[in-house]
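Since the structure comes first, as structure tokens, the remarks are kept for the end.
The values are calculated or read from the model by the stated rules, or taken from the named source; none is laboratory data. These figures come from a predicted structure and were not determined experimentally. Using ideal geometry, Cβ is built from the backbone for each residue, glycine included, and neighbour counts are taken over all protein chains shown.
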């Protein structure tokens, strides 16, 4: 459970550990906002539309007080359609200008060590999630606003 503000909360579910991305947790965050006093059943929460998928450290988020564990349910949905994207163009040397648009993308699926170089992001790959392992505050920002605040990460 993640407090979005003083009166609203949202939920995410840890659905996998991705061995291809630092053995980090993969979460699916749900769109629906709940009033702080509502206590929906887990079966209701996981029926909601997925807002996004992301890599993060769920344990770190609990430890730092960014979210609370609400319960456990084994139903994690299908995983084979989830695609992540990455590019080496976000890593730059001190003083270098950031790459605004990358033409050097690769994609992968959870626990699939076959990274596929795709160059420009076209078609379905434009919907691929950014595959970085995000800090808890980045996850909360995306749950609140629908996007990450990534000034250093290139677009397509």
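Quick test of your reading of the structure: residue 148 fulfils all but one of (1) out of contact with any strand residue (DSSP E or B) (no Cβ under 6 Å at 6 or more places or on another chain); (2) in a helix (DSSP H, G or I). Name the failing condition by number.
All conditions are met except number (2).
Quick check, is residue 70 touching a helix residue (DSSP H, G or I) at 6+ places or on another chain (Cβ under 7 Å) and in contact (Cβ under 8 Å) with a residue 40 or more places away in the chain?
Answer is no for this residue.
If you check residue 79 against the conditions, is it at pLDDT 95 or above, part of a helix (DSSP H, G or I) and within 16 Å of residue 27 (Cβ to Cβ)?
no
Could you grab me the full set of residues in region 115-137 that are more than 25 Å from residue 58 (Cα to Cα) and not in a strand (DSSP E or B)?
Correct list: 120, 121, 122, 123, 124, 125, 126.
For region 139-149, give me each residue that is touching a residue at least 24 places away in the same chain (Cβ under 8 Å), at negative phi and surrounded by fewer than 17 Cβ atoms within 10 Å (Cβ to Cβ).
Scanning region 139-149 gives a single hit, 144.
Mind checking whether some residue in region 125-133 is touching a residue at least 40 places away in the same chain (Cβ under 8 Å), touching a helix residue (DSSP H, G or I) at 6+ places or on another chain (Cβ under 9 Å), exposed (fewer than 12 other Cβ atoms within 10 Å of the Cβ) and closer than 29 Å to residue 2 by Cα?
Checked region 125-133: no residue is touching a residue at least 40 places away in the same chain (Cβ under 8 Å), touching a helix residue (DSSP H, G or I) at 6+ places or on another chain (Cβ under 9 Å), exposed (fewer than 12 other Cβ atoms within 10 Å of the Cβ) and closer than 29 Å to residue 2 by Cα.
Every residue in region 44-55 that is more than 16 Å from residue 79 (Cβ to Cβ) and either crowded, with 20+ Cβ neighbours inside 10 Å or touching a residue at least 12 places away in the same chain (Cβ under 8 Å) (or both), please.
The answer is 45, 48, 49, 51.
For region 82-111, which positions are in a loop (DSSP other than H, G, I, E, B), touching a strand residue (DSSP E or B) at 6+ places or on another chain (Cβ under 9 Å) and within 19 Å of residue 21 (Cα to Cα)?
82, 87, 104, 110, 111
When you scan region 6-28, how many residues do you find that are in contact with a helix residue (DSSP H, G or I) (Cβ under 9 Å, 6 or more places away or on another chain), touching a residue at least 60 places away in the same chain (Cβ under 8 Å) and either farther than 15 Å from residue 131 by Cα or surrounded by fewer than 19 Cβ atoms within 10 Å (Cβ to Cβ) (or both)?
3
Taking the stated definitions as given, is residue 117 surrounded by 12 or more Cβ atoms within 10 Å (Cβ to Cβ) and modelled with pLDDT of 95 or more?
Here the answer is no, as residue 117 does not meet what is asked.
In region 1-74, which strands (runs of 3 or more DSSP E) lie fully inside it and hold 2 or more residues that are closer than 19 Å to residue 138 by Cα and under 14 Å from the mean Cα position of the chain (by Cα)?
Counting at least 2 such residues, we get 12-18, 24-30, 50-56.
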